[in-house]
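Notes follow once the structure below has been shown.
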Amino acid sequence: MEDEEIEKTVFAYLKKKGFWQTERTLQNEQSRASSASQSEGGISRPEKGPQQHHDGYSKLRSWAYGSLDLYKHELLRVLYPVFIHCFMDLVAEGYMQEARTFFQTFREDHEMLHLRDLQKLEGILCPSHLEEMELARSLRQSKVVIKLCEYSCNLLLQYLQKTQSFSMLGVINEHINFEVSSGQPVSISDDSDVVALVGNNQDMAKQINQKEVRWGLLEDSIEERLEKTLSDSEKVEGENKEIDLDDIKKRSADGGRQGSSSKKLKKDKVVGTVGKCARSETSIISLAPRVKAELALPTMPTEVEQSILEDLRNRVQLSSLALPSVSFYTFINTHNGLNCASISHDGSLVAGGFSDSSLKIWNMSKLGQPAKAGSMQGENEYPHNETFIGHDEGKRSYTLFQGHSGPVYSSSFSPTGDFLLSSSSDSTIRLWSTKLNSNLVCYKGHNYPVWDVQFGPFGHYFVSASHDRTARIWSMDRIQPLRIMAGHLSDVDCVQWHANCNYIATGSSDKTVRLWDVQSGESVRIFIGHRSMVMSLAMSPDGRYMASGDEDGMIMMWDLSTGRCVSPLIGHNSCVWTLAFSCEGTLLASGSADCTVKLWDVTSSNKASKMDENKGSSGSKLRLLKALPTKSTPVYTLRFSRRNLLFAAGALSKSC
Amino acid sequence: MSIVPKETIEVIAQSIGIASLSSDVALALAPDVEYRLREIMQEAIKCMRHSKRTVLTADDVDSALNLRNVEPIYGFATGDQLRFKRAVGHKDLFYIDDKDVDFKDVIEAPLPKAPLDTAVVAHWLAIEGVQPAIPENATVDVLPVPSESKKLEHGKDDGLAVDIRLPVKHVLSRELQLYFDKITEVTISKSKSVIFKEALASLATDSGLHPLVPYFCYFIADEVSRSLNDLPTLFSLMRVVQSLLRNPHIHIEPYLHQLMPSMITCIVAKRLGNKLVDNHWELRDFSANLVASVCRRYGHVYHNLQSRLTKTLLHAFIDPSKALTQHYGAIQGLAALGPNVVRLLILPNLETYLQLLEPELLLEKQKNEIKRSEAWRVYGALMCAAGRCLYDQLKMFHDLLPPPNQPVFKHNGKVITVKSDNKRKSPANQSNSTQQMPLKKVAVDGSVGSMSNMSTAPKLQSATDGLGNNQSGEPGLRTSTSSGRLSNESIPGGSRKEMGISRAPKAHTVLSQAWKEDLDAGHLLASLFELFGEGIFSFMQPPELNVFL
């Protein structure tokens, strides 16, 4: 601006004074200068153009592939960020066609590790999409951190300087942070960072993961009390057995359990005695440190406590050599409408959420009995217009809960089995009473479909996950959420409580799992490593480990305190819908869309991880103990009863 | 550039009433359309996953549209697949085939069946980690590999490499049981029918028979021991054995030890069938060939198979107390095993044996006609075996009988045709060489005279026996199983002269040269000549004979 003004005044001055010759020469000079600058631009323009990106990348690629074997894998890691940023640069500059061809040419290299992201990025076709798409935006904004050893970093820089490939240098400078470490290159297997370089500010993740997680179990837990009582009652063992017998009688008398559940009961008893013998070795749980509860927990009614204690006493000790019995509940005639299933802690109730907005509950202990219409009818008198109890036709084997106005995506029983929560695409969560067979509360808070809802380990509190990218904590007595956990970059697909109630874990479509502090509502851990949407989560009963399963069939074990992956479990070849730890934490069961239930030995991994810490070698694979194929029934849910009987449920699908 | 071509945009614009959409606009819209499509699909996939499905449905897309606050599209029920049709005149323009439905039809159509209501059934997927074999569970065979690998793993972990083999309980399918019953029935009762031939063919070719092999072995062993007097049954049993051996899908080695005794029985049994009526010689020959083929095929697997067999046969051969029929079987069995066996086992005993046999051959000394004819049989078999051995020796000289096989094969048919004239000739030969031979005997036996040509004899007899099916089966069989034998067999017959005539001049000098070198062969011939007289010459060609003599 100033220059122009000066020029103007100069011209004005020259005109006024009549120095027209000087004026002309000045004009000439000016025009020459401007044309020169234009031509300069004309030269530099094509250099920055699409072809250069293409050539630069292909050269870098062939150089990286031809580099020394020892450093090759490190250098290859650099290629992916360079690739996507080159592509996005091209798009941003408006070279759609070139961007497309560039993408297609080199796509194959990265398909193995980054297929899902590539599929998303492929859709970017104009600069505005870059702004709009979450993934692209976060990629553009954040810098990728890549670990390199000193030598590979030198190699790379030398190459870039020697070949004068400034476009590549620019991309690398702009989007990649090198974390140079002296010494030998890191081993290939330690590439979880590479996989996860996507879309996250890694510094932030690292910072978050520095925070302390007190993963210990609650003080004065029921298990602890049991240990105490057991040590006391060791002497009066005989008495206990009598009580057991009495209990059986009592139950068979009033419960009238038939069919599978009576079998199950016997089974429980039989193996229960075995378990008692094996009790002498103290369970892992007792080893875990103790923490105070940060939430005010509800007090447990004494009779419930008694029954839980009873169950704990009769628990089967599971290990790699003593596998659990699995009772499978198959939904038939679902007409592809079953969206979710859940099983109560004692396995007697099974709920199914359907895409026609209905929720149906089967009482498995009464299965096969003629419906006792009379007694149920009495309960039907509780007036609630939203609820229709399925006995008006007299024949239905289930209780029908109607109230939602969209597909029901998740349901969860309270620990005592009195309540049932369901979440739906109508963005509400409903609380149902299984005693009254009616809807009690409708919780409105989410703005989009609620994918998952889970009762806390002690009831009363529950947590929900939604398409609106938040997870919310609720208590039964309030219709407003107590906490909102926001931070995920995409849908929150699944949630799980930590054993001590102080944390919740959420799995998301952004391929990460986060751990949140319930009290503060802050994210305390980010677990990066999955390559696709996280579908299922499970917490080990000792509170130290977490398992997460994804869309591709991979299961990862995480150590909560370090925030690192203990070991990936590879075996499923389709979505892992559900995960469950056995009660003493020795086994992990996984259910998948590939119609199998798999049992994994978790103790070996724990040992291995401990050894890992000493040796520093790459993690060993967890052992697959057993694959139990079902008859074309994808496994929707798994639940270990307190006695360590495994319940599984799924819908028979013909196309499977 | 984008997957959605600008033409599509133009078409869509036209369909919603925008007639003139400039191509620039279409070009600009296309990438955005693609992006939105991808966005919706991404949401739809999320909905699909949360509905715990692995197949995307129209409902999922509807839900995704809902999520994006787009009005859902109606009219796409998930029930049936959309049928796209190509627009006429356009290469890549498709439309949905929307059929007109008559309202009346819809109203008058009967109500569809009410769908079954959802129910839950419970079963044990596993009991303490083991899947019970109940219909609700998937068949265990689907995943056999992991269980095996797991077993291995277990073994390693526990440090116990004990291989515990559970008693295998195998179940025969109903079909196989029926098959077995049918085959056994046909074998026993209808061995002359066409069905039996079909059954044999089926046994020789069907692939799913392996589970039945042990049953067949048992059946054969059982039936052979039971029906030693019933020649047709024995014969059909041997044919069953032959078919089983031929079947390429059957792994028969483990069962050979069960089959061999039956076969050997059919070779060297004292009595097979009714002596007077039945032609048990043929069965012995057949079984001998069968055993020999087994030895050839499985000899390398069971190294002591042949040695045990020859031991058994040799015992039968050199034991003078055994019946002549047994001797005959043993000789045939050994002969079928090849010339080397003959040279090693028969020839050393030949002289003493012939001394023993001689009284049986003579009319004066052996009054029993049957015994005498048996003796002649044995004599013939011996001569044939020795002759073949000799032939084999001669064959060892390269160029000596250069192309004998081909012409012989060609003349195979001819051999049979010349039988009659051969028959006439052979007795003549015989009578010349062995003057003791009574002419009457020739007349009685019909073909005893042609003992030097044993291959023709059974054939003739089988024809007369009325075993028509055998007749047709046999020549082919022999061609396939033992070519060497064929060549041997036929030489004495029709081809003798032709070969002699055609090759004599050329081979003449070569032969004389070679023969002088090989003293063994010479000695052999000499000794055989001593023992058998001129009958042995039928195994070689006259010119060579001349040279030698």
**OP:** State which residue is nearest to the other protein chains (Cβ to nearest Cβ) when the search covers only the range A:326-349 and only residues that are over 11 Å from A:Leu638 (Cα atoms) and of a type in the set (A, V, I, L, M).
**Re:** A:Ile332
**OP:** Considering each residue of the range B:210-241, count those that are outside any helix (DSSP H, G or I) and either at pLDDT 85 or above or more than 14 Å from B:Ile264 (Cα to Cα) (or both), and give that number.
**Re:** 3
Subject >> Filtered residue count, the range A:108-133, keeping only those that are touching a residue at least 12 places away in the same chain (Cβ under 8 Å), more than 11 Å from chain B (Cβ to nearest Cβ), surrounded by fewer than 20 Cβ atoms within 10 Å (Cβ to Cβ) and of a type in the set (D, E, K, R) >> reply: 1
Original post:
Considering the range A:549-586 alone, what residues qualify as being out of contact with any helix residue (DSSP H, G or I) (no Cβ under 9 Å at 6 or more places or on another chain) and among the polar types (S, T, N, Q)?
Top reply: A:Ser561, A:Asn573, A:Ser574, A:Thr578, A:Ser582
**OP:** Give, as residue ranges, the strands (runs of 3 or more DSSP E) completely inside the range A:485-575 that count at least 3 residues that are farther than 18 Å from A:Ser592 by Cβ.
**Re:** A:492-497, A:503-508, A:512-517, A:523-528, A:564-570
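Would you mind finding the one in A:Ser466, A:Ser405, A:Ser411, A:Ser424 that is closer than 20 Å to B:Glu43 by Cβ and touching a Gly at 6+ places or on another chain (Cβ under 6 Å)?
On inspection, the qualifying residue turns out to be A:Ser424.
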**OP:** Among what's in the range A:424-445 and is part of a loop (DSSP other than H, G, I, E, B) and either within 14 Å of another protein chain (Cβ to nearest Cβ) or of a type in the set (A, V, I, L, M, F, W, C) (or both), pick the residue that is nearest to A:Trp474 (Cα to Cα).
**Re:** A:Ser427
Subject >> Candidate set: the range B:95-123, residues that are within 14 Å of another protein chain (Cβ to nearest Cβ) and in contact with a strand residue (DSSP E or B) (Cβ under 9 Å, 6 or more places away or on another chain); chosen: the one surrounded by the fewest Cβ atoms within 10 Å (Cβ to Cβ) >> reply: B:Leu116
Original post:
Are any of the residues in the range B:215-229 touching a His at 6+ places or on another chain (Cβ under 8 Å), assigned by TED's automatic domain parsing to the domain that holds B:Ser293 and either touching a residue at least 60 places away in the same chain (Cβ under 8 Å) or farther than 20 Å from B:Tyr302 by Cβ (or both)?
Top reply: no
**OP:** Name the residue, out of B:Ser51, B:Ser63, that is among the small types (Gly, Ala, Ser), crowded, with 19+ Cβ neighbours inside 10 Å, out of contact with any Leu (no Cβ under 9 Å at 6 or more places or on another chain) and within 12 Å of chain A (Cβ to nearest Cβ).
**Re:** B:Ser63
Subject >> Near pairs, Cβ below 7 angstrom, 6+ apart or cross-chain, from the range A:50-68 (at pLDDT below 85 and part of a loop (DSSP other than H, G, I, E, B)) to any residue that is surrounded by 13 or more Cβ atoms within 10 Å (Cβ to Cβ) and not small (Gly, Ala, Ser) >> reply: A:Ser67/A:Leu75; A:Ser67/A:Leu155
**OP:** Please find, among A:Ser433, A:Ser475, A:Ser425, the residue that is within 20 Å of A:Tyr636 (Cβ to Cβ) and either over 19 Å from the mean Cα position of the chain (by Cα) or of a type in the set (D, E, K, R) (or both).
**Re:** A:Ser425
**OP:** Keeping to the range A:400-423, report how many residues are crowded, with 21+ Cβ neighbours inside 10 Å and within 11 Å of another protein chain (Cβ to nearest Cβ).
**Re:** 5
Subject >> Meets criteria (within 8 Å of another protein chain (Cβ to nearest Cβ), out of contact with any helix residue (DSSP H, G or I) (no Cβ under 9 Å at 6 or more places or on another chain) and part of a helix (DSSP H, G or I)) for B:Glu34 >> reply: yes
Original post:
Which of (1) closer than 22 Å to B:Glu282 by Cα; (2) modelled with pLDDT of 80 or more is the odd one out, the single condition B:Glu369 does not satisfy?
Top reply: (2)
Subject >> Index of the failed condition, A:Glu281 passing every other in (1) at pLDDT below 85; (2) among the charged types (D, E, K, R); (3) within 24 Å of A:Ser414 (Cβ to Cβ) >> reply: (3)
Original post:
Limited to the range A:538-567, what total is found for residues that are closer than 25 Å to A:Thr633 by Cα and either within 14 Å of chain B (Cβ to nearest Cβ) or surrounded by fewer than 21 Cβ atoms within 10 Å (Cβ to Cβ) (or both)?
Top reply: 6
Original post:
Residue check: is A:Phe581 modelled with pLDDT of 90 or more, surrounded by 24 or more Cβ atoms within 10 Å (Cβ to Cβ) and over 19 Å from B:Thr54 (Cβ atoms)?
Top reply: no
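The values are calculated or read from the model by the stated rules, or taken from the named source; none is laboratory data. Quick caveat, the model's predicted, so the values are computed rather than measured. Methodologically, a virtual Cβ is constructed for each residue, glycine included, from the backbone with ideal geometry; neighbour enumeration extends over all protein chains shown.
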